[in-house]
1. For the condition under 27 Å from the mean Cα position of the chain (by Cα) and in a loop (DSSP other than H, G, I, E, B), what is the one hit in Gly106, Gly87?
2. What number of residues in the stretch 25-37 are in a helix (DSSP H, G or I), touching a helix residue (DSSP H, G or I) at 6+ places or on another chain (Cβ under 8 Å) and open to solvent by 10 Å² or more (accessible area, probe 1.4 Å)?
3. What are the pairs with Cβ atoms under 7 angstrom where one residue, in the stretch 132-160, is open to solvent by 10 Å² or more (accessible area, probe 1.4 Å) and acidic (Asp, Glu) and the other, located anywhere, is modelled with pLDDT under 90 and in a helix (DSSP H, G or I)? Sequence gap at least six, or different chains.
4. Take the stretch 104-131 and flag every residue that is without any contact (Cβ under 8 Å) to a residue 40 or more places away in the chain, of a type in the set (A, V, I, L, M) and closer than 17 Å to Ala61 by Cβ.
5. Quick check on the stretch 307-319. Is at least one of its residues of a type in the set (Phe, Trp, Tyr), under 26 Å from the mean Cα position of the chain (by Cα) and either in a helix (DSSP H, G or I) or modelled with pLDDT of 95 or more (or both)?
6. Name the single residue, out of those in the stretch 339-348 being over 12 Å from Gly326 (Cα atoms) and touching a residue at least 12 places away in the same chain (Cβ under 8 Å), that is surrounded by the most Cβ atoms within 10 Å (Cβ to Cβ).
7. Count, please, the residues in the stretch 228-262 that happen to be under 20 Å from Gly286 (Cβ atoms), out of contact with any Ser or Thr (no Cβ under 8 Å at 6 or more places or on another chain) and either in a loop (DSSP other than H, G, I, E, B) or among the aliphatic types (A, V, I, L, M) (or both).
8. As an exercise: evaluate Val376 against (1) within 28 Å of Thr362 (Cα to Cα); (2) of a type in the set (A, V, I, L, M); (3) exposed (fewer than 15 other Cβ atoms within 10 Å of the Cβ); (4) in contact (Cβ under 8 Å) with a residue 60 or more places away in the chain and give the number of the one condition it does not meet.
Amino acid sequence: MFDPVIAPSGTLLGLLQRGRGDGTLHALTAPRPEALAALNHCVLRDPRHDWQVENRSLYYARLYLDLNGELDEVEAHLFCAEDVLDGDESRTGLALAVLGHLASYGRRDALELLRRYAAHGSNWAWALDELALRDDDAGLRALAAPVLARFSADPEGDAELAATVRDAFEPRPWRLWAEDPRESVAARVRAAHETGCFDRWQRQMRPSGPRPGWSVQAVFAWAQQGIERGAALHVPAARCLSAVAGPEDRAEIVQAAKDGTDGARCTALRYLAEGNDPEALDLIEGAVATGSTLVVDAAVDAFERMRSLAAVDRARGWARRPDPLGAAAGRVLACRGGVQDRDLVLAALREAVRGEGPDAPTLWTLVDGTGRLGIVCAAPVLRHIYRETASSHLRGRAARALAATDPSFATGFAVECLWDCEETTREIAARHAETGDIRVVERLRRLASDPAEEAEVQTAVRSRIGPEETAV
């Protein structure tokens, strides 16, 4: 899947793509055809950079409800010819998740669409998972025949069915079908379940990787073999090294950290850093200066995991370096520095935004650190990140930092955050939004009574309003 094209943050489409609360508020005041067009664009062309961690489905489902939106375009997207040609679940996953939420809100048309797609669509397993949470037993039992028909009645089809049953995210449909009164259905599902359990047991009995008695060099060789196969194994290799290495092996490990193969060097650096070896920081600095990209990344990661006072002190000296180690030093100070490090963390935050933009991965840690250290003068930068980032998770972190640094947060961004796509952001808003705004009170009441809302959000809401207000 290609990276999505995100519209400017000042447009309705850009706001909805980002999942911002202002997106919902603007959509509700825009002409309905325009709002529905932007909403359908988002649902049919997933705008998330990481669809596995960012939330949008409940946000979009709620907007469909508020706009009384039809599902014709969603239906056309699910059942178009491309569904047969492109089996990537990211093409239809967001639309199916939105339908799942709509079904839980009582939209019968969404439930019927999910049933049809589970019976005939390419990404049927996702649709079945949505139905497992929302449909009744009769609806799920009706899907047994079309789902099982996807698997040929031969050894290859039976093996594929067994793997599907074994790896099912939601087991409820398969358990129902295993007890189906039709013996042809029940027997096949039970056999697949038994085969899957046996396969799992066999994999557990055939572990791969290091064995007791391995030498330090054997662990290094295993890590290098992983690199040659395209798999970075230095993290588990460092754990193995902790089990097999003794004090007498330290010199060999230090030497590997200086000039070993990439696999050995990454493993040794990780091992020495985790053990707070007195030479670890010097070796990390040397690796950044002389190592390959893989070694540099491993060295920086090992440094960021160090918890010692020596590491924090070294970070203060490295923070102004214009290289990956300098960026890592800023993140270390953001996580573990003190009030005396505020200027260094603020400088790192500004440099990251200026050099890499509002979606830079390093901003996640720096934004958290800015809030932790209470850097009030960082509020303008945090507001810029909040507005412009395409990551709803980073925006939520910016909101949390603003709550700690920006006196205007309660009457500003906190209000729109009540409509945000991320539940953690809605929770922050529920704890901070100024209730003098009538929109805030009405929204808090709706969140408190919405069965789809997360428990943490509702707990925060109830800390702001009394039971009598919740019941209104």
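The values are calculated or read from the model by the stated rules, or taken from the named source; none is laboratory data. Bear in mind that the values here come from a model prediction, so they are computed numbers and not experimental data. Every residue, glycine as well, gets a Cβ built from its backbone with ideal geometry; the counts of neighbours run over all protein chains shown. When the accessible area is computed, the model is the full protein with side chains, heavy atoms only, and any ligands, DNA or RNA have been set aside. Shrake-Rupley method; radii C 1.70, N 1.55, O 1.52, S 1.80 Å.
1. None of the others qualify; the one that does is Gly87.
2. 6
3. From residues that are open to solvent by 10 Å² or more (accessible area, probe 1.4 Å) and acidic (Asp, Glu), the pairs are Asp158/Ala192.
4. Answer for the stretch 104-131, where residues must be without any contact (Cβ under 8 Å) to a residue 40 or more places away in the chain, of a type in the set (A, V, I, L, M) and closer than 17 Å to Ala61 by Cβ: Ala110, Leu111, Leu114, Ala127.
5. Within the stretch 307-319 (the criterion being of a type in the set (Phe, Trp, Tyr), under 26 Å from the mean Cα position of the chain (by Cα) and either in a helix (DSSP H, G or I) or modelled with pLDDT of 95 or more (or both)), the answer is no, since none of the residues qualifies.
6. Going through the qualifying residues, I end up with Asp341.
7. Going through the stretch 228-262 one residue at a time, the tally reaches 6.
8. (4)
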